[in-house]
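In what follows, a single structure is set out as structure tokens and then discussed.
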Amino acid sequence: MLKQIEGSRAVAEAVALCRPEVICAYPISPQTHIVEALGEMCRTGALPGCEFINVESEFAAMSVAIGASAAGARSYTATASQGLLFMAEAVFNASGLGLPIVMTVANRAIGAPINIWNDHSDSMSMRDCGWIQLFAETNQEALDLHIQAFRLAEELSLPVMVCMDGFILTHAVERVDMPSLEQVRAFLPPYVPRQVLDPAEPVSIGAMVGPEAFMEVRYLAHAKQIQALGLIPEFAADFRKTFGRDSGGLVRAYRCDDAETIVVALGSVVGTIQDVVDEMREGGVKIGVLAIKSFRPFPLVEVREILQHARRVVVLEKTLAVGIGGVMSMNVRMALTQVALKGYTVIAGLGGRPITKASLHRLFADAHADRLEHLTFLDLDRKVVERVLDRERETRRSGPIAENILRDLGVVAARI
Amino acid sequence: MIVDSASAFDVRTYLRQEMMPHFLCPGCGHGIALRALLWAVYELGLDKDKLAVVSGIGCAGRLSAYIDANTFHVTHGRPLAYATGLALARPDLHVVVITGDGDCLAIGGNHLIHACRRNLKLTCLMLNNEVYGMTGGQVSPTTSETRLTTTTPLGNSEPNFDACTLAAAAGASFVGREVTHHVPKLKQLIRAGLEHPGFAFIEVLSDCTEIFGRKNELGSSAEMVLRQKSELRPSAYRDTVDSPFRSSDLPTGILTKTERPEYGAAYRTAAAAQRARLAASTDQNKGRT
């Protein structure tokens, strides 16, 4: 059924259609609308058979989800930014134990400085923790990925993180096609746990494992992600059969076939890049864009197959790996082992800075002409940076950087 | 006796004017609490440069940014932990923590009980408005039972905390409560807290008119403030009074005050004694060789 609703609401309704049995909620922007909507559905009876727990922190949210999942319940939570970092120990624990929890991460920057706007630093910080990480481009895809996520998680007995851009997607009102409960039931079988705390058949979950077996347990976590490389496209194809549309998968290539320059990106910015690609194509520039849908597992083979015929790759990412540059770039380079290709890393949109078509046009034109620095910060204000560095050279006690910059710019926190 | 220095006190001299307009909603009680704090600071004649204000995340957490002193806006739930480090490193500073009910009792609850236990000289102002206001009005650990929030659409069904009882039980040597309705009394309580040589926990019953008030149809800010001591106090405090016969008799003012060694002083004394012992044993060893 077509609906004109907020992204958060769309995700909440999709999660509800998956009939979770335990939902843990702790407020943090920009995720809050999702759990608020689910809370309402639980209390009004629109989501029957589900316990909605208002927990005391994100750490408790993931811990409660782990407990519920270990007891055999389909469990869900959502968070963002500092919340994801605060729950980090439990996030690793969930994947280490192999519990199929589904979590939405409404991508938001990480402080300090405090910033509530979108970038990918939060989920990227958890990239190697053993969770599957799927990135949505649109609200429709965010909704669809949650349905696929429960199936994938439960098939593999692994937790899945569905990442969607905070505010850009979560707070945008868009048309989405909301499936029916019957369709979701046809796609998502009832949850049959591989391990469950059941008094009738007692097991112990959470063994201490020494050097004699730790490597093997960890290797199996990797092996499961490799298995997911096969299951993700399979479930996406099955999803198409049931729901009649393409959503998810490992990657999506757009106008890449004859492209000399291929931009690699994640999440909602792919739509903007696609528009720029179309406009540059009209001007005869052979450019395409490759959207990564599954960041973990990372589809090395698919990325390599698409990129190897290009002359250069521009990886545009909303995360800064401080001290080296790009997070996704390193993953793309891994896919390009022994492939001779020019590579550029572009850091863009940190802390919600808009990524405009005008800036992308300039950036891609420079890349296409190989005039780009290997590591570029899109729309970085060098003057602001220089001023801070000057101040630090002039005086030892130069003060807090963020506050100084706000003062230089003449903006105060109350108005941001 | 309440000293009325209100006419001489100019709150603007304690505020960062460049941060105005502030971000609080019309009718929010937090501004009253902020004024009361600064008034107490003024009356005690504390040097602004010797005042350090640490705050967490939430509406209450934003207050530190408006104070013209040393301010530290930290992560959610952790202001007491940051302040512990700060107060230990700089015993010459007056360290004040401004926190909210969610920040202090939910995500940071662990730090609160340990701060109470440790008795380091800190003044902790917990502004209790019964809700996570900044994120749009979710249930908090002090939300009264049956109250509506965005995450309890049919009314809260969880029991809530009486923060003062919790702090006292955890060993806080100074516990007090006041409502934003009684500004001079609130100032007086904060002043006593600032003067207390140990951990002072002060709960301020504040009102969230825009979000909590609207959701629960509690009327205007003035109406909410007037009922703070009667039916608008958190439900956990019900047993503490003869409700409904003495409904305005919510225990306020100083609720607990005990003499216990202040942790920072005790630590420095123990450390000095240990250093002296080590020095003495080194001297002895030198004598033997």
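The values are calculated or read from the model by the stated rules, or taken from the named source; none is laboratory data. If you're wondering where the values come from, they're calculated on a predicted model, not measured in any experiment. Here Cβ is always computed from backbone atoms with ideal geometry, including for glycine, and neighbour counts include all displayed protein chains. Heads up: the accessible areas ignore ligands, DNA and RNA and are worked out on the full protein's heavy atoms, side chains in. Shrake-Rupley method; radii C 1.70, N 1.55, O 1.52, S 1.80 Å.
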Expected output is a single nm value to one decimal: the length gained when fully extending between A:ASP366 and A:ALA321, i.e. 0.36 nm times separation in residues minus the C-alpha distance. What is it? 13.9 nm
For the range A:1-82, alpha-carbon Rg over 2.2 N^0.38 Å: 1.04
Please average, across the residues of B:100-106, the number of beta carbons from any other chain that are within 10 Å of each residue's own beta carbon, and give a whole number. 2
Return one whole number: the accessible area per residue of chain A in Å², for a 1.4 Å probe. 44
Longest site-free stretch - chain B; sites: GluC sites (Glu not before Pro), DSSP loop, at most 16 other Cβ within 10 Å: B:1-144
Tell me, what is the per residue accessible area of the range B:114-256 in Å², probe radius 1.4 Å? 37
State whether chain A is rounded, prolate or oblate according to the following rule on the C-alpha gyration tensor (a ≥ b ≥ c being the square roots of its eigenvalues): a/c under 1.5 gives rounded; otherwise a/b larger than b/c gives prolate, and the remaining case gives oblate. prolate
In Å², nearest 100, what accessible area do chains A and B bury in total when the solvent probe is 1.4 Å? 1900
Carbon-plus-sulfur fraction of the accessible area of the protein assembly as shown, 1.4 Å probe, in percent? 55
For the pair A:GLU174 and A:ALA221, what calculated FRET efficiency results from E = 1/(1 + (r/R0)^6), where r is the Cβ-Cβ distance and R0 = 45 Å, to the nearest 0.05? 0.80
How big is the dipole moment of the range A:251-377 about its Cα centre under a simple scheme where the beta carbon of each Lys and Arg is +1, that of each Asp and Glu is -1, and everything else is neutral? Debye, nearest 20, please. 280
Could you give the length gained by full extension between A:GLU201 and A:ALA71, i.e. 0.36 nm per residue of separation minus their alpha carbon distance, to one decimal place? 45.6 nm
Testing the spin-label approximation: label points 7 Å from Cα along Cα→Cβ at A:ARG194 and A:LYS3. State their distance in nm. 3.3
Percent RCO, i.e. relative contact order, over the range B:11-258, from Cα pairs under 8 Å lying at least 6 residues apart: 19
Once every DSSP H run of n ≥ 4 in chain A is given -39500 (n - 2.57) and the sum is divided by its residues, what mean residue ellipticity at 222 nm do you get, rounded to the nearest 500 deg cm²/dmol? -13000 deg cm²/dmol
Rounded to the nearest 20 debye, dipole of chain A from Cβ charges on Lys, Arg, Asp, Glu: 740
In angstroms, what radius of gyration and Dmax does the range B:117-209 have, counting Cα atoms only? 14.6, 45
Give me a single rounded figure for B:143-155: the average over its residues of other chain Cβ atoms within 10 Å of their Cβ. 4
I'd like to know which of B:THR143, B:GLY85, B:VAL11 lies farthest towards the positive end of the charge dipole of chain B, counting +1 on Cβ of Lys and Arg and -1 on Cβ of Asp and Glu. B:GLY85
Step through the table entries B:LYS187/B:LYS215; B:LYS48/B:LYS185; B:LYS185/B:LYS257; B:LYS121/B:LYS229; B:LYS185/B:LYS215; A:LYS3/A:LYS357, compare each Cα-Cα distance with 19 Å, and write down the pairs that go over it. B:LYS187/B:LYS215; B:LYS48/B:LYS185; B:LYS121/B:LYS229; B:LYS185/B:LYS215; A:LYS3/A:LYS357
On average, how many beta carbons from a partner chain sit within 10 Å of the beta carbon of a residue in A:44-54? 2
Quick one: Debye curve from the C-alpha atoms of the range B:1-160, no solvent, what's log10 I(q)/I(0) at q = 0.11 Å⁻¹? -0.47
Rounded to 5, the percent of DSSP beta bridges in the range A:251-377 classed as antiparallel: 20
Just to be sure I understand the model, the point goes 7 Å from the Cα along the line to the Cβ. What's the resulting A:ALA213 to B:ARG268 distance in nm? 5.4
With label points set 7 Å from each Cα along the Cα-to-Cβ direction at A:ASP238 and A:GLN308, the distance between them in nm comes to 3.0
What number, rounded to the nearest 500 deg cm²/dmol, is the helix-based mean residue ellipticity at 222 nm of chain B, given -39500 (n - 2.57) per DSSP H run of at least four residues and division by all its residues? -9500 deg cm²/dmol
The extension gain from B:SER157 to B:ASP49, computed as 0.36 nm times the residue separation minus the Cα-Cα distance, is 34.3 nm
With unit charges on the beta carbons (Lys and Arg positive, Asp and Glu negative) and the dipole taken about the Cα centre of the protein assembly as shown, which residue among A:PHE377, A:ALA253, A:ALA223 sits farthest to the positive side? A:PHE377
Note down the relative contact order for chain A as a percent, whole number, built from C-alpha pairs under 8 angstrom at least six residues apart. 15
Roughly how many whole Å is it from the C-alpha centroid of the range B:43-80 to that of the range A:264-312? 47
Provide, as a two-decimal number, the C-alpha radius of gyration of the range B:48-129 over 2.2 N^0.38 Å, N being how many residues it has. 0.96
Within chain A, longest stretch clear of exposed trypsin sites (Lys or Arg not before Pro) (DSSP loop, no more than 15 other Cβ within 10 Å): A:1-193
Say R0 is 30 Å: what FRET efficiency, to the nearest 0.05, do A:ARG387 and B:VAL11 get from their beta-carbon distance? 0.35
Listed residues B:ASP49, A:ASP379, A:ASP257 arranged by accessible area, highest first, probe 1.4 Å: A:ASP257, B:ASP49, A:ASP379
Give the residue from A:GLY271, A:GLY343, A:ALA172 lying farthest towards the positive end of the charge dipole for chain A; charges sit on Cβ (+1 for Lys and Arg, -1 for Asp and Glu) and the dipole is referred to the Cα centre. A:GLY343
Hydrodynamic radius (Kirkwood) for the range A:2-243, which is based on Cα pairs only, to one decimal in Å: 17.9
To the nearest 20 Debye, how big is the dipole of the protein assembly as shown about its Cα centre, given +1 on the beta carbon of each Lys and Arg and -1 on that of each Asp and Glu? 1680
Could you tell me the largest-minus-smallest coordinate of the C-alpha atoms of the protein assembly as shown on each of the three principal axes, in descending order and whole angstroms? 84, 67, 63
